[in-house]
1. Could you say which residue among LYS99, LYS89 is surrounded by 16 or more Cβ atoms within 10 Å (Cβ to Cβ) and without any contact (Cβ under 8 Å) to a residue 60 or more places away in the chain?
2. List every residue pair whose Cβ atoms lie under 8 Å apart, where the two residues are 6 or more positions apart in sequence or sit on different chains, the first residue falls within the stretch 53-71 and is in contact (Cβ under 8 Å) with a residue 12 or more places away in the chain and of a type in the set (D, E, K, R), and the second residue, located anywhere, is surrounded by 11 or more Cβ atoms within 10 Å (Cβ to Cβ) and assigned to a helix (DSSP H, G or I).
3. Here are some conditions: (1) of a type in the set (Gly, Ala, Ser); (2) over 30 Å from LYS162 (Cα atoms); (3) modelled with pLDDT of 85 or more. GLY29 meets all but one. Which one does it not meet?
4. On the given criteria, is ILE64 surrounded by fewer than 15 Cβ atoms within 10 Å (Cβ to Cβ), in the same structural domain as SER35 (by TED's automatic domain parsing), among the aliphatic types (A, V, I, L, M) and not in a strand (DSSP E or B)?
5. Residue check: is GLU313 in contact (Cβ under 8 Å) with a residue 40 or more places away in the chain, surrounded by fewer than 22 Cβ atoms within 10 Å (Cβ to Cβ) and acidic (Asp, Glu)?
6. Does SER348 satisfy the condition of being within 30 Å of ILE430 (Cβ to Cβ), touching a residue at least 24 places away in the same chain (Cβ under 8 Å), among the hydroxyl-bearing types (Ser, Thr, Tyr) and buried (at least 17 other Cβ atoms within 10 Å of the Cβ)?
7. Find the residue count for the stretch 165-187, including only residues that are part of a loop (DSSP other than H, G, I, E, B) and either under 21 Å from GLY246 (Cβ atoms) or β-branched (Val, Ile, Thr) (or both).
Amino acid sequence: MKKYIGFFIVGVLFTLLTIFPLRIDLSKGRAYTLSPATKKIVSKLSKDVRITFFVSSDIPTRLIPLRNEITQLFQEYRQSSNRIGIEIKDPKNDTESTKKAEEFGIPKLQYSQLEQNKYQTSSFYFGVVIEHDGKTEIIPQVSDYANLEYNVTSALYRLTNKEIPKVGIMGDVGNQLSALRQTLSQQYSVSDIPFDTTSPESEVNPFDELSAVIIVDDGYTQLSKNTVSYLKEFYESGKHIVVFAGGVWINEQTLQAQAAENNFNELVASYGAQINSDLVLSTSAEYVNFGNATMQFLTPYPFWIRTNIFNKESPLFVNTQYVTYPWTSSISLKNPSSAKITSLISSSDRSWAQVKDFVLDPNTLPQPLANDLKQRVLGVEIQHVKGGTMIVIPSSRFAMDRYISQGSGNLDFVLNTIDLLGSNGALGGIRSRSASFYPLPDMADSMKNVYKYTALLGGPLLWLFYGVVRTVKRQKK
């Protein structure tokens with residue numbers, strides 16, 4: 001009888017886990033568990049929410065794992081609050097579901113697959129509808145599972161808040177922040193603000209209705225004294241500002257540079273962040289193509305810095321593995337009495353800077369001296385005693401469309417920043433629902449060789465040592 005007890009216990013455990021599935025999240029940062037920000041928003045629901053997932057039964061085979069992940073995510077929402085109801089409808093086999101999907105504007109997606117030695121075209125539904133108190137938010141096509149929790153939670157935030165936060169953008173000449181603008185518009189009311197928005201006779205702060213302002217140095221405009229005054233008033237009233245401005249202007253066609261003539265330091269330096277008139281270089285650099293239409297010339301370009309040296313205590317770097325700075329200045333820190341200043345982002349300790357005599361051509365870059373190599377501050381957070389927060393990034397190109405590389409976290413960082421500031425922290429820290437890649441830290445070539453040869457020779461040497469020990473023991477016997 002005792003020999004069957006083990007089988008009985010295993011059978012009972014299997015049955016219990018089938019009825020009550022146990023899911024343990026061992027990923028770094030608990031990427032597959034609802035974020036604290038989501039749980040907080042869900043816990044405050046005062047009325048019922050219905051999440052409907054329209055998914056056809058005959059979706060392409062490659063989408064079946066994605067469907068299962070989405071379903072599991074929605075189950076987590078339902079378990080977090082009895083106010084949330086989940087429905088999964090199959091428009092393929094249910095006429096009423098098909099009609100509902102069409103009413104909500106869920107598109108019918110097309111795909112082709114090879115069947116019986118010929119291509120056949122089919123269609124399917126793969127969208128989400130979120131309903132609350134007579135209002136509706138729609139995700140027509142779930143194509144980005146990694147950010148689905150953010151999209152669903154931000155939709156809940158919009159549905160449950162009477163007023164949509166407003167964000168202003170200054171200096172987006174030529175609509176170079178379209179990716180950022182498009183993403184922000186899903187959550188906020190986004191408006192453009194000219195650099196010179198005030199007149200000396202005006203007594204009304206044009207920023208009063210905004211929750212946050214994003215300022216981008218366009219390379220040639222100076223803020224008027226009145227605008228600087230209103231921005232300071234806005235910031236010191238407890239509102240938030242994000243500044244992208246360098247201390248050097250770059251002509252990308254000629255690779256010429258000169259000290260900037262803007263007056264952004266008039267805004268930020270009084271709170272402890274001095275944007276220096278220099279250009280930072282680093283051995284941790286992005287590859288840039290300096291070729292032409294007929295030939296490519298890819299090379300690591302020290303002026304395009306890649307770094308993952310972040311302030312670990314800041315919630316601004318959720319989902320951000322590294323950021324890229326195309327031509328950046330450094331920041332000098334002071335300790336003003338009216339604000340607390342914190343370093344957010346730094347370059348590696350193998351970084352140096354050019355001042356005055358700028359040489360940008362990758363073929364003629366002068367090599368740094370050993371004592372010039374050190375960390376440089378590339379991003380700061382300034383918290384005013386009255387509650388306002390200012391983020392200063394000393395690169396005007398940091399969030400522009402053409403400089404955001406496919407793998408960099410520039411956009412994620414900016415969105416986290418606006419979410420945390422614009423929603424008063426409600427959406428800050430929502431994690432990506434995908435496994436993350438963590439690059440190796442920047443290190444000297446000598447250390448790289450140590451790791452390389454240790455990996456190559458460590459195993460064989462251990463086996464050799466083991467063989468010698470075994471041989472000596474046998475000989476002693």
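The values are calculated or read from the model by the stated rules, or taken from the named source; none is laboratory data. Given the structure is predicted, the values throughout are model-derived calculations rather than measurements. Cβ coordinates were reconstructed from backbone atoms using ideal geometry, including for glycine residues, and neighbour counts include every protein chain displayed.
1. On the way: LYS99 fails: surrounded by 16 or more Cβ atoms within 10 Å (Cβ to Cβ).
Of LYS99, LYS89, the one residue that is surrounded by 16 or more Cβ atoms within 10 Å (Cβ to Cβ) and without any contact (Cβ under 8 Å) to a residue 60 or more places away in the chain is LYS89.
2. Partner pairs satisfying both residue conditions: GLU69/TYR145.
3. Status for GLY29: all satisfied but (3).
4. Details: surrounded by fewer than 15 Cβ atoms within 10 Å (Cβ to Cβ): yes; in the same structural domain as SER35 (by TED's automatic domain parsing): yes; among the aliphatic types (A, V, I, L, M): yes; not in a strand (DSSP E or B): yes.
Judged against the criteria, ILE64 is a match.
5. Numbers: in contact (Cβ under 8 Å) with a residue 40 or more places away in the chain: no; surrounded by fewer than 22 Cβ atoms within 10 Å (Cβ to Cβ): yes; acidic (Asp, Glu): yes.
So GLU313 fails the test.
6. Details: within 30 Å of ILE430 (Cβ to Cβ): yes; touching a residue at least 24 places away in the same chain (Cβ under 8 Å): yes; among the hydroxyl-bearing types (Ser, Thr, Tyr): yes; buried (at least 17 other Cβ atoms within 10 Å of the Cβ): yes.
Yes; evaluated as a whole, the condition is true for this residue.
7. First pass over the stretch 165-187, keeping only residues part of a loop (DSSP other than H, G, I, E, B): 165, 171-177, 185-187.
With either under 21 Å from GLY246 (Cβ atoms) or β-branched (Val, Ile, Thr) (or both) added as a condition, the list becomes 171-177.
So the answer is 7.
So that you can scan it fast, the table gives a plain yes or no per residue for (1) surrounded by 19 or more Cβ atoms within 10 Å (Cβ to Cβ); (2) hydrophobic (A, V, I, L, M, F, W, C); (3) in contact with a Ser or Thr (Cβ under 9 Å, 6 or more places away or on another chain):
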position: LYS356; (1), (2), (3): no, no, yes
position: VAL359; (1), (2), (3): no, yes, no
position: PRO362; (1), (2), (3): no, no, yes
position: LEU369; (1), (2), (3): no, yes, no
position: GLN375; (1), (2), (3): no, no, yes
position: VAL380; (1), (2), (3): yes, yes, yes
position: PHE398; (1), (2), (3): yes, yes, yes
